[in-house]
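Report on the following structure.
The values are calculated or read from the model by the stated rules, or taken from the named source; none is laboratory data. Worth saying up front: this structure is predicted, and the values here are computed from it rather than measured. Neighbour counts are summed over all protein chains in view; Cβ atoms, including those assigned to glycine, are modelled from backbone coordinates with ideal geometry. With ligands, DNA and RNA removed, areas are computed over all heavy atoms of the protein, side chains included. Shrake-Rupley method; radii C 1.70, N 1.55, O 1.52, S 1.80 Å.
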Amino acid sequence: MKRIEIFDTTLRDGTQGMDINFNLADKLHAAKKLDEMNIDFIEGGFPFSNKKDEYFFNKIKKEHLSHSKIVSFGFTRCPDTQASSDPHIMALLNTETEYVSIVGKAWKAHVEKILHITPEQNLELIFDSISFMKSQGRKVFFDLEHFFDGWLCDKAYTEKVLKTASEAGADRLILCDTNGGTLPGQVSKILSQMNTSSYAPMGVHFHNDCGTAVANSLIALEYDNIIQVQGTVNGWGERCGNTNLCALIPDICLKTENTADIAEKLENLTHLSRYFFEVANIRPDKRQPYVGEAAFSHKAGLHTDAVLKAENLIEHVSSSAVGNYRKILLSELSGKSTVLAKMNRFGHFTKDSREVKKILKLLKEKENAGYEYEAAEASFQLLILKSLGKYRQFLELNNYHLETFKTGEAPAKTVARIFMMSEQKNIMGAGISIGPVDALNVAMRGALLPLYPFLKEINLVDYKVRIFDPQSATAAKVRVLIRTSDGIQEWDTIGVSENIIEASWEALVDSMDYYYNILRKKNS
């Protein structure tokens, strides 16, 4: 068994990805989260490039991390200076981190066409930069930029780069696939040609431009002297991103004979992934391996039936191992097992129960009409309650009126008036907002709040509209999905109509109905 070092570069390489932006506070909090997960190394940023990263290193050294080592990032010295006076090197020293990452050219073509120096001069830059940092008491990870392309183009020169960095005292030699163009077969072929044990211990850093970064990393770990993998949470990074640690880490811990310190915290991996999505203000990727919402979701009737009988015959690992959970999806593909799994929380039923057959028939009718309950499970649970006769009506609508007006350059406004009956009382409410849906929401909440104080605790957090028969043009049916939260949990409801206001109203009422009929009892 080999212990693998996990090197996270989300706070540096990850922030180079499209739509990924962290402020200083975000980076500090994220570093603490990574430390809680037993990540071995956290690359905090590039102190020479911007003040935010410089401030990060000043702040993080005052924190008492329990496991992780902070790493600062920079380049080899410039050709016309010495390492002892080079501003890039000085910026690394000023961070006062025990570990530094220094990037140098390993592809001869880059040396000549980008740096405009001789191959021998490049070797001097590498040796001087690493040896100087070592003389200052730092531990050095040397990143061989474009290593795999360099090896394919001029193996002899790239070997000289490896040898020079190793002789200079580098603690790790990081083999980088900087443009992400290397395929798994090429990785295996190149590493097989190397005598990896004759150099300092190695790591790998793959980009995902061919969609093979995780596969490439796993292949590299099969070689004895390669003990470190680099990547980012959720695979973020330049262009198509980096090795996705949220896939690679469970692959290592659950699928190979290797281990990593993060194995002790693996059950928190899904939380880590979604925490980073939240900080970046991006909706989580449902289809991510292991940590995505769809990773342990089952839709086909045959799959659902099998997973309920023997989960290990359908799911390759237990969802709880990575802190995720199984989700049984509902659709016209659903069989009795799917419906049964959803109904058993409301009583004891079997596949042959009349109630199960009734719900299955109703589900398929509803989906034919445009409802999609796999994305609105709260509405489906209400459907079950109504079918079983256990539903208690939250409110009865008499009518509502909406009037939209616009004056001059001012934004349009909508006035809503609503007349309802609840708890055998006639209730009237009014509200005003820019949009008609929110105006209805304001009017309904204002009217019902005296009767139901719990409405103060729940809020709409997402609203989506989908057209699912566009051939009907402006007469098309729309599907409205609403996500609601009480600050602890979230639930999704659906409405369908040719009228977007009517579809929104249905989803909105379901969102409150669900809390009233199910969550309120569960929380009390």
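Compute the long axis of helix 354-368 from its Cα atoms, compare it with the longest principal axis of the Cα atoms of the chain, and write down the angle in degrees, 0 to 90, nearest 10.
Around 70 degrees separate the two axes.
For the stretch 1-117, report the accessible area per residue in Å² (1.4 Å probe, heavy atoms, rounded to an integer). Walk me through the intermediate numbers first.
On the way: 5190 Å² over 117 residues.
Result: 44 Å² of accessible area for each residue.
Round to a whole angstrom and tell me the spacing of the C-alpha centers of the stretch 199-258 and the stretch 412-456.
Computed from Cα coordinates, the inter-centre distance equals 53 Å.
Calculate the radius of gyration of the Cα atoms of the stretch 69-172 to one decimal place, then report Dmax, the largest Cα-Cα distance, as a whole number, both in Å.
In order Rg, Dmax, the Cα atoms of the stretch 69-172 give 12.8, 37 Å.
For the chain, with only Lys/Arg (+1) and Asp/Glu (-1) charged at the beta-carbon, what is the dipole magnitude about the Cα centre, in debye rounded to 20? The partial results should precede the final answer.
Working: 62 positive and 67 negative charges, 386 e Å.
Computed about the Cα centre, the dipole is about 1860 debye.
How large is Rg/Rh for the stretch 115-196, to two decimals, with Cα atoms and a Kirkwood Rh?
Reported Rg/Rh, Kirkwood definition of Rh: 0.98.
Among SER319, SER379, VAL461, whose Cα lies farthest out toward the positive end of the dipole of the chain, if unit charges sit on the beta carbon of Lys, Arg (+1) and Asp, Glu (-1)?
It is SER379, whose Cα lies furthest towards the positive end.
Past 20 Å, Cα to Cα: identify those pairs from LYS366/LYS477; LYS69/LYS134; LYS342/LYS477; LYS32/LYS62, in the order given.
Beyond 20 Å: LYS342/LYS477.
Mind checking the per residue accessible area of the stretch 205-259 for me, 1.4 Å probe, whole number of Å²? Intermediate results must be reported in sequence, preceding the final value.
Values: 1730 Å² over 55 residues.
Normalised by residue count, the accessible surface of the stretch 205-259 is 31 Å².
Taking the convex hull of the alpha carbon atoms in the stretch 420-459, what volume per residue do you get, in Å³?
64 Å³
Could you give the angle, 0 to 90 degrees to the nearest 10, between helix 500-514's Cα long axis and the longest principal axis of the Cα atoms of the chain?
With both axes taken from Cα atoms, the answer is about 90 degrees.
Using label points projected 7 Å from each Cα along Cα→Cβ, tell me how many nm separate GLU120 and GLN424, to one decimal.
Computed distance between label sites GLU120 and GLN424 equals 10.1 nm.
Within the stretch 1-158, what whole-number % of the accessible surface is contributed by carbon and sulfur, with the 1.4 Å probe and all protein chains included in the calculation?
51 percent
On the protein heavy atoms, probe 1.4 angstrom, tell me the percent of accessible surface of the stretch 390-440 carried by carbon and sulfur.
Carbon and sulfur atoms account for 53 percent of the accessible area of the stretch 390-440.
Which percent of the accessible area of the stretch 220-269 is formed by carbon and sulfur heavy atoms (probe 1.4 angstrom)?
39 percent
How far is helix 269-279 tilted off the main Cα axis of the chain, in degrees rounded to 10, range 0 to 90?
80 degrees
Please give the peptides 479-487, 158-166, 236-244, 194-202 ranked by average Cβ packing (other Cβ atoms within 10 Å per residue), highest first, as a rough proxy for protection.
Put in order of decreasing packing, that is 236-244, 158-166, 479-487, 194-202.
Over 29 Å, how big is the tail of the calculated P(r) for the stretch 1-158, in percent of all Cα pairs?
On the way: 2774 of 12403 pairs.
In whole percent, the long-distance tail amounts to 22.
For the stretch 199-238, taking Cα atoms only, what is the radius of gyration to one decimal and the Dmax to the nearest whole Å?
Answer for the stretch 199-238, Rg first and Dmax second: 10.6, 31 Å.
For the chain, what is the convex hull (Cα atoms) projected area averaged across all directions, in square nanometres?
Working: hull surface 124.5 nm².
Average projection, Cα convex hull of the chain: 31.1 nm².
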